Amino acid sequence: MKMTEGYVKYRKGYKYQLAENYRVQTTIKPSASIYTRFISLTTDGVLTVRTGYAWDGASGPTWDDGTNMRGSLGHDALYQLIRRDYLPAECKAEADELLRKWCVEDGMWSLRANSWFWAVDRFGASSADPDHRRPVLVAPKKINQSALQGV
């Protein structure tokens, strides 16, 4: 396992971390099953998001509540698979529709779910784009070599 000493590498922008594995049936069925450290999607469309996965909840001018946590989790996981080229960009529209479906199933008002769908349909492309990966940050910027002595 690769280790760093004297500094940490991290990514910003996450609010939530999954406490237990989550599985849901999707309409996205890849030609070959996809397996990553935190996300898998089988050829029959079963999406599994594993314990420890971090996501940012709802994006934009809105709030997180019980009607959108499952939707935002599944949507973020699917966008991550698109962003990392496991799924083709054409799957974005289906991921957006699943977000709306999951939110309505979980009690979100249809008007709110439709406005979410409109927003991700119009403005979500950059979040699914491979160039939109969250950068790895390093802290501290300058390593104190004397602090490493005796480690």
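Out of (1) touching a Gly at 6+ places or on another chain (Cβ under 8 Å); (2) in contact (Cβ under 8 Å) with a residue 40 or more places away in the chain, what's the single condition that is false for LEU81?
Against the list (1) touching a Gly at 6+ places or on another chain (Cβ under 8 Å); (2) in contact (Cβ under 8 Å) with a residue 40 or more places away in the chain, LEU81 comes up short only on (1).
Considering the stretch 100-144 alone, what residues qualify as being among the hydroxyl-bearing types (Ser, Thr, Tyr) and either open to solvent by 60 Å² or more (accessible area, probe 1.4 Å) or farther than 17 Å from LEU87 by Cα (or both)?
Within the stretch 100-144, SER110, SER115, SER126 meet the criteria.
Every residue in the stretch 83-99 that is among the acidic types (Asp, Glu) and either touching a strand residue (DSSP E or B) at 6+ places or on another chain (Cβ under 7 Å) or surrounded by 21 or more Cβ atoms within 10 Å (Cβ to Cβ) (or both), please.
The answer is ASP96, and nothing else.
Before we move on, is TRP55 without any contact (Cβ under 8 Å) to a residue 60 or more places away in the chain, open to solvent by 60 Å² or more (accessible area, probe 1.4 Å) and hydrophobic (A, V, I, L, M, F, W, C)?
Judged against the criteria, TRP55 is not a match.
What helices (runs of 4 or more DSSP H), lying completely within the stretch 70-149, carry at least 1 residues that are within 25 Å of TYR22 (Cα to Cα) and among the hydrophobic types (A, V, I, L, M, F, W, C)?
Ranges flagged: 92-105, 110-123, 125-128.
Confirm whether LEU18 is within 23 Å of ALA125 (Cβ to Cβ), within 15 Å of the chain's Cα centre (by Cα) and at pLDDT 95 or above.
When the stated conditions are applied, LEU18 does not pass them.
Of the conditions (1) under 20 Å from VAL24 (Cα atoms); (2) free of Cβ contacts under 8 Å to residues at least 60 places away in the same chain; (3) in contact with a helix residue (DSSP H, G or I) (Cβ under 9 Å, 6 or more places away or on another chain), GLY124 satisfies every one except a single condition; which number is it?
Failed condition: (1).
Which residue is most open to solvent (accessible area, probe 1.4 Å), if the candidates are limited to the stretch 58-82 and must be among the hydroxyl-bearing types (Ser, Thr, Tyr) and within 12 Å of the chain's Cα centre (by Cα)?
SER59
When you scan the stretch 90-99, do you find a residue that is more than 24 Å from ILE34 (Cα to Cα) and not acidic (Asp, Glu), even just one?
Checked against the condition, which is being more than 24 Å from ILE34 (Cα to Cα) and not acidic (Asp, Glu), the stretch 90-99 yields no hits at all.
The values are calculated or read from the model by the stated rules, or taken from the named source; none is laboratory data. Just so it is clear, the model here is predicted, and its values are computed rather than measured. Don't worry about glycine lacking a Cβ; one is built from the backbone with ideal geometry, like all the others, and counts go over all protein chains shown. Just the protein is used for accessible areas: all its heavy atoms, side chains included, with ligands, DNA and RNA removed. Shrake-Rupley method; radii C 1.70, N 1.55, O 1.52, S 1.80 Å.
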